[in-house]
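Chemist: First the structure, then my questions, so here it is.
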Amino acid sequence: MAQHLEGDWLELATAGGNTIRVLKAAHPRARRLRLTVTPKGARVTYPDGTHPAQVSAFLRHHADWLEQKLDELNLIVKPLPPLRVGHATTLPLRGEVATLDWADGAYPKIEAHADGLTLVIPRPHTRALPVARGLLASHLESLIRRDVSRWLAFYVPQLGLAPTALKVRPMKSLWGSLDTRDRINLDLALALAPPAALRYVLVHELCHLKVRSHAPRFWAQVGQLLPDWREQRDWLRVNGATLKAELDRLVADVAD
């Protein structure tokens, strides 16, 4: 089982081709390494000063148990077919299964139709893959911005507060965030999710304009604006790892 560190995450590539992402966190009161698995994913905590090699060895020792528990919660990311120029594939799009096919054309563009998307790429296809990834990223962002602009017009008057800006980009672990300048960040992968899930993340970040923490009054505000928020949060917990993996294969290496 191979592993590499990335920010606060440890990624494990299993012998079966699966990828497991484990959140790692040093804890000042921890007396030993501890591994937990919840619907949010896997987490390893350890005492301050623990050598990274010890953490990796600990995870390797518990790899079979970890993979079994994550698989029971449907959190194992199955290997996905790579995006290949000229080869049709399927992808999740706004919560539905859509087709993605290719066509030749005079200039690069993406065409949306009832069955999915068509990537139109001019010949020769020397840089077709990066061009296609850029087209997909732009299209997914436009879908999110279209929905968000409509919902902001509905929720902002109710809150009496508005974000200063909106940025849509791939995010490694989060679905959204609100920075100190009241700018909302949303994960590009939310374009693949049902619109209701995207709506929940937007409402969540909007409510942070009023309450910066996750105190009870924050969740009361979320519930006031979106009564079914728990259902959408749970959907993201179950399907989130797969969505992020799908986005990675579609738009990997596209600059923020």
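The values are calculated or read from the model by the stated rules, or taken from the named source; none is laboratory data. It should be emphasised that the depicted structure is a prediction, and the values quoted were computed from it without experimental measurement. Glycine also receives a Cβ, built like all others from the backbone with ideal geometry; neighbour counts cover every protein chain displayed. Side chains included, ligands, DNA and RNA excluded: accessible areas come from the protein's heavy atoms. Shrake-Rupley method; radii C 1.70, N 1.55, O 1.52, S 1.80 Å.
Chemist: Among the residues of segment 219-240, count how many are more than 16 Å from G176 (Cβ to Cβ) and not in a helix (DSSP H, G or I).
Modeler: Residues flagged as more than 16 Å from G176 (Cβ to Cβ) and not in a helix (DSSP H, G or I) within segment 219-240 amount to 2.
Chemist: Among what's in segment 200-224 and is basic (K, R) and in contact with a helix residue (DSSP H, G or I) (Cβ under 9 Å, 6 or more places away or on another chain), pick the residue that is most open to solvent (accessible area, probe 1.4 Å).
Modeler: Checked segment 200-224; the qualifying residue most open to solvent (accessible area, probe 1.4 Å) is R212.
Chemist: Okay, next question. For H214, are the conditions met, namely being over 30 Å from L135 (Cβ atoms) and in contact with a strand residue (DSSP E or B) (Cβ under 6 Å, 6 or more places away or on another chain)?
Modeler: Answer is no for this residue.
Chemist: Out of W235, W175, which single residue is touching a Pro at 6+ places or on another chain (Cβ under 9 Å) and open to solvent by 40 Å² or more (accessible area, probe 1.4 Å)?
Modeler: W235
Chemist: Using beta carbons and a limit of 8 Å, which pairs, at least six apart or on different chains, have the first residue in segment 229-242 and within 13 Å of W175 (Cα to Cα) and the second one at pLDDT 85 or above and of a type in the set (D, E, K, R)?
Modeler: Q232/R199
Chemist: Would you say A197 is assigned to a helix (DSSP H, G or I), at pLDDT 95 or above and open to solvent by less than 20 Å² (accessible area, probe 1.4 Å)?
Modeler: The answer is yes for A197.
Chemist: Further question on the same structure: Looking only at segment 81-113, how many residues end up being exposed (fewer than 15 other Cβ atoms within 10 Å of the Cβ), in contact with a helix residue (DSSP H, G or I) (Cβ under 9 Å, 6 or more places away or on another chain) and of a type in the set (A, V, I, L, M, F, W, C)?
Modeler: The number of residues fulfilling the criteria is 2.
Chemist: Going through T118, T99 one at a time, which residue ends up being assigned to a strand (DSSP E or B), in contact with a Phe, Trp or Tyr (Cβ under 8 Å, 6 or more places away or on another chain) and modelled with pLDDT of 95 or more?
Modeler: When all the criteria are applied, what remains is T118.
Chemist: Scan segment 180-194 residue by residue and report those that are surrounded by fewer than 18 Cβ atoms within 10 Å (Cβ to Cβ) and either part of a loop (DSSP other than H, G, I, E, B) or in contact (Cβ under 8 Å) with a residue 60 or more places away in the chain (or both).
Modeler: T180, R181, D182, P194
Chemist: Next question. Answer yes or no as to whether R146 is of a type in the set (K, R), free of Cβ contacts under 8 Å to residues at least 12 places away in the same chain and either within 21 Å of A252 (Cβ to Cβ) or open to solvent by less than 60 Å² (accessible area, probe 1.4 Å) (or both).
Modeler: no
Chemist: Name the pairs: first residue in segment 83-95 and assigned to a strand (DSSP E or B), second residue acidic (D, E) and open to solvent by less than 50 Å² (accessible area, probe 1.4 Å), Cβ to Cβ under 7 Å, at least 6 apart or on different chains?
Modeler: Hits for this filter: L91/E246; P92/E246.
Chemist: Does A42 satisfy the criteria of being among the hydrophobic types (A, V, I, L, M, F, W, C) and either surrounded by fewer than 18 Cβ atoms within 10 Å (Cβ to Cβ) or modelled with pLDDT of 85 or more (or both)?
Modeler: no
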